[in-house]
Amino acid sequence: MAIKSLLIVNRGEIAIRIARTCKKMGIETWGIKTSNEPRAHYLSHMDKIYDMSDEFSDVLVFLDVERLITIVEETGVDAVHPGYGFLSENAYFAQRCVIAGVKFIGPTPDAIHKMGNKTVARQIATKNNIPLASGTTHSIRDAEEAKEIADKIGYPVIIKAASGGGGRGMRIIHKAEELAQMFRLATNEAEKAFNDPSVFIEKYIQNPKHIEFQILADKFGNTIHLGERECSIQRKHQKLLEEAPSPALTEELRKTMGEIAIKISQAVKYESAGTVEFLLDQSNNFYFMEMNTRIQVEHPVTEFITGLDLIEQQIRIAQGEELKLKQEDVKLNGWAIECRINAEDVQAGFSPYLGTIEKMVQPTGDNIRVDSGIVEGDTISPNFDSMVAKLIVWGADRNEAIRETKKALAKFWIKGLKTTIPFFKIVLENESFRCGTFNTGFIENELESMHDTSEEEEALAAWFAALKYAEEREKEETNQVDFEQGKNINPWVLNKRLKSF
């Protein structure tokens, strides 16, 4: 049955991303206007708006299952798209949608549950001979049991939350003396983040690559993969830069890992788009880590190299359509890189940087895509994550993709916030990154500096300061202008540089 109307239970850039595909497919979209963001940019992309901006609650609506189901019933939509984050991997919410008679754009509640609980997922992987790092397939009772297991499999080990992800509820232990404290910290963090203190333990694979495979599966048992994404540039176990494909994989290894990704997907009768994640060690041994039962933040790099719209594929699968592609039809064309432009102070350990976007200039081009839910004048607040935009760039090969991404970053300007843009400029110049030999320890082991001090950055900072000064003079205000951003720049050199702008 064709979907005619759809409620997007998300915000920001992913809400806009979903709305654009729905418009292309002729599907009416509903967005939710909240008291947190009554003037949010994403609302302008919706056909209809459910206004609850005058409702105040301690629970954010995007996390309130029963309130969302009420909105579903009141709007009479045919389907719900959860995007990523929030309730996108919540089996109870998916089940409530089914009971309400509305299509949930994603896998079945059963598949979400089985893959969402890491210990259950490990049990399924073991049953189906999927490669795993040695460890437990059950939740650990206490620190004493954790020590017994760690002594058996050998240090270092890692404790992980059975529910959730994003690096929360995760602790690495290098010696027995650290275990009791780390177990306590991991369980406390897991309970706060996921309302579930359950954790498991496994052997810690040191300095691996993080490789994930994009899956598409329909309701008829047809499952394919769309190649891999390289996700090893991370901080705090959270991804910063992704590329597709990975420079580490040969065609043979891609085929093997892809077949394993399909195998575990079929083991839970998976349908919709999903991502199977692996760790790849320095000897090219790979280990199943988890499956994300939703669209990923980094899905655009796969779209660039396959020519597919993954949101459209999700919707068509939910409508009961059969996949038109077979595995042999999937061709990977060129290379794509995604940089997550976050409002973060890189020098302060990537801490969120709150403030208002005073000026933003985005790069454009045939092979450049910018996904953003924020415009000039918007404020980065503590209510949501710090992502300002995603910059995605395509090239005919990896070297071209790197060159074009560098050019695009040079044209991406944001005033009023500290962002990760200078950090990405450093990454793209790094020899380990350019050679493709980097791993998840890249930031800790490879970067001597995480701050870009290029002449262009300094010149732009001074230009903004000069512009501010001119504005203040024009208003005939007497307050002193802050030239802090440009104080170390030689004015004679600056004048020469500004002539090229």
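The values are calculated or read from the model by the stated rules, or taken from the named source; none is laboratory data. Predicted, not measured: the structure shown is a model, and the values here were computed from it. Virtual Cβ from ideal backbone geometry, glycine too; neighbours counted across all protein chains shown.
Brief remarks on what is shown
- All of Gln319, Gln296 fail the test of being surrounded by fewer than 24 Cβ atoms within 10 Å (Cβ to Cβ) and closer than 19 Å to Glu89 by Cα, apart from Gln296.
- So Gly334, is it more than 22 Å from Asp385 (Cβ to Cβ), in contact (Cβ under 8 Å) with a residue 60 or more places away in the chain and small (Gly, Ala, Ser): yes
- Evaluation of Ala343 against the conditions (1) surrounded by 16 or more Cβ atoms within 10 Å (Cβ to Cβ); (2) under 27 Å from Ser272 (Cβ atoms) shows that the sole unmet condition is (2).
- Candidate set from the range 67-101 (those that are surrounded by 19 or more Cβ atoms within 10 Å (Cβ to Cβ) and either of a type in the set (Asp, Glu) or in the same structural domain as Arg168 (by TED's automatic domain parsing) (or both)); member that is nearest to Gly274 (Cα to Cα): Glu89
- Against the conditions (1) crowded, with 16+ Cβ neighbours inside 10 Å; (2) touching a residue at least 40 places away in the same chain (Cβ under 8 Å), Arg254 satisfies every one except (2).
- Selection within the range 315-329 - part of a loop (DSSP other than H, G, I, E, B) and closer than 22 Å to Lys24 by Cβ: Gln319, Gly320, Glu321, Glu322, Leu323, Lys324, Leu325
- Only one of Ala396, Ala408 that is over 19 Å from Asp345 (Cβ atoms), in contact with a Leu (Cβ under 8 Å, 6 or more places away or on another chain), aliphatic (A, V, I, L, M) and modelled with pLDDT of 95 or more: Ala408
- Qualifying residue in the range 334-345 (condition: of a type in the set (A, V, I, L, M) and over 22 Å from Arg398 (Cβ atoms)): yes
- Of Pro352, Pro247, all but one fail to be in contact with a Gly (Cβ under 8 Å, 6 or more places away or on another chain) and either surrounded by fewer than 16 Cβ atoms within 10 Å (Cβ to Cβ) or under 27 Å from Leu391 (Cα atoms) (or both); the exception is Pro247.
- Here is the figure for the range 139-154: residues that are touching a residue at least 24 places away in the same chain (Cβ under 8 Å) and under 19 Å from Leu185 (Cα atoms) total 8.
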